[in-house]
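Trainee: Before anything else, here's the structure in question.
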Amino acid sequence: MKVAVYTIALNEAAHVERWANSAVDADYRIVADTGSTDETVARLINAGVTVHRIAIRPWRFDDARNAAMALIPTDVNVCCTMDMDRFLEPGWRPKLEAAWKPETTALYCQTIYRSRVEDPTPLRQWATKNFHHRWGYRFKRPVHEALVFTGEREVAATSDDLVMFEVQDLAKPTRSSYLPLMEVAYKEDPDDAQICFWLGRDLMWANQQDRAVQLLEHYLALPTSTWGEERSEAMRYIARMLPDQRLVWLDKARMEAPHRREIWADLAEELHGRADWLNLFWACTNGIEKTHRTGSYLDDQNCWGFRLFDLGAIASWHLNAMDRAVEWGEMALELDPGNERLRNNLDFFIRRRQEDRVAPLGVEASR
């Protein structure tokens with residue numbers, strides 16, 4: 001078996017050595033440089049990587065990746081597409097050889113995202129199709145490009161032992177070009193549910209809310225829109241942009257993906273704003289019970305902090321469930337120990353429980 005690790009690059013000098021070293025067990029390491037002006041090319045050559053300089057006009061990620069794939073030698077059996085901000089776990093080659101069978105055309109590995117190279121704590125992870133046969137594959141879409149099979153029958157397998165890491169380079173301005181490229185992708189295939197969702201999301205971020213709502217509603221109506229977690233996320237976005245309909249859309253999201261804590265956190269915020277203490281207690285209870293993240297790219301880090309416990313404690317106090325108010329108040333403070341408001345609220349809940357009074361005191365917990 002001959003293996004090639006390949007990618008495209010533009011001003012990736014900071015990542016070259018890590019990328020090249022992690023792929024050193026490949027028979028070929030190939031990079032198509034698309035116009036770097038830093039030391040990317042020189043460092044790649046010094047690391048023993050084969051570099052080709054290419055130009056893609058107008059720019060599309062799929063054309064660039066397909067050009068890079070075309071540069072892979074014909075004697076290669078298995079290709080590994082790996083962006084420059086990614087790197088393979090040591091010992092990957094024998095794991096690949098063990099998992100790849102004669103009939104295999106593609107292999108999913110585990111891609112784990114980290115905040116820093118030296119921090120092993122995973123931010124999120126999921127299986128990605130990064131290994132494929134030399135023939136029968138191409139990239140599709142000008143952005144958020146997908147590796148698609150063009151042969152008669154794809155035989156895909158998954159290896160949980162094969163791991164690729166990613167530490168996103170948030171300093172790069174690459175993402176600024178995504179929105180116009182997504183417009184091109186949507187024009188080419190308006191029934192592509194994935195692009196429809198991503199374009200709607202980016203339009204929301206760009207404060208083009210009317211069109212964002214239109215695109216996300218179109219996404220939800222597409223027959224290929226079948227992933228409940230992503231559908232619920234689209235509903236969360238619409239709820240943010242249509243405040244008059246927020247509760248309706250959040251309830252739809254809850255029914256679509258009740259296992260996601262994110263939905264319950266949004267519901268809790270809305271119910272807190274309405275001073276609906278009984279339903280707030282219900283939403284917080286359900287959200288706190290969701291102790292496992294989905295592991296998808298949609299997981300929202302902000303929903304896993306103190307806030308649900310904080311809101312649950314406030315709801316419990318209003319319902320005179322003081323044992324629960326103290327319990328959740330303690331959990332909220334444990335998650336954010338420097339928060340003076342949480343500390344003051346907890347002190348109040350403890351006093352309130354000790355006094356064991358039915359009627360509320362004149363002092364209210366801050367919200």
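Trainee: Have a look at Pro58, Leu199, Thr128 and report the one farthest towards the positive end of the charge dipole of the chain, computed about the Cα centre with Cβ charges (Lys/Arg +1, Asp/Glu -1).
Mentor: Pro58
Trainee: Continuing with this model, one more query. Using a 1.4 Å probe on the protein heavy atoms, what percent of the accessible area of the chain belongs to carbon and sulfur?
Mentor: 50
Trainee: Evaluate E = 1/(1 + (r/R0)^6) for His292 and Asp251, where r is the Cβ-Cβ distance and R0 equals 22 Å; express this FRET efficiency to the nearest 0.05.
Mentor: Result of the calculation: an efficiency of 0.45.
Trainee: I've got another one for you. With each run of n ≥ 4 DSSP H residues scored as -39500 (n - 2.57), what mean residue ellipticity at 222 nm is computed for the chain after dividing by its residue count and rounding to the nearest 500 deg cm²/dmol? Each step should come with its number before you reach the end.
Mentor: On the way: 14 runs with 162 residues, N = 367.
Computed mean residue ellipticity for the chain: -13500 deg cm²/dmol.
Trainee: R0 = 35 Å: FRET efficiency of Ala146 with Asp336, Cβ-based, nearest 0.05? Working shown, then result.
Mentor: Working: r = 39 Å, r/R0 = 1.13.
For Ala146 and Asp336, the calculated efficiency is 0.35.
Trainee: I'd like to check one number: the per residue accessible area of the chain, probe 1.4 Å, reported in Å² as a whole number.
Mentor: Values: 17680 Å² over 367 residues.
Solvent-accessible surface per residue comes out at 48 Å².
Trainee: Angle between the Cα long axis of helix 277-289 and the longest principal axis of the chain, 0 to 90 degrees, nearest 10?
Mentor: 40
Trainee: Still on this structure: Sorted from largest down, what three extents in whole angstroms do the Cα atoms of segment 1-42 have along their principal axes?
Mentor: Cα spread of segment 1-42 along its principal axes, largest to smallest: 35, 17, 12 Å.
Trainee: For Glu89, Glu340, what's the largest-to-smallest order of accessible area, 1.4 Å probe?
Mentor: Highest to lowest solvent-accessible surface, that is Glu340, Glu89.
Trainee: Anything over 19 Å Cα to Cα? Flag those among Lys140/Lys187; Lys129/Lys187; Lys2/Lys95, in the order listed. If you can, show how the numbers build up before the last one.
Mentor: On the way: Lys140/Lys187 14 Å; Lys129/Lys187 26 Å; Lys2/Lys95 14 Å.
As for pairs spanning more than 19 Å Cα to Cα, those are Lys129/Lys187.
Trainee: Here is a follow-up. Aspartates and glutamates near Lys101 by alpha-carbon distance under 14 Å, same-chain residues fewer than 8 away left out - which ones?
Mentor: Glu154
The values are calculated or read from the model by the stated rules, or taken from the named source; none is laboratory data. Since the model is a prediction, treat every value here as computed from it, not as a measurement. Glycine also receives a Cβ, built like all others from the backbone with ideal geometry; neighbour counts cover every protein chain displayed. Remember, those area values only see protein heavy atoms, side chains included, never the ligands or the DNA or RNA. Shrake-Rupley method; radii C 1.70, N 1.55, O 1.52, S 1.80 Å.
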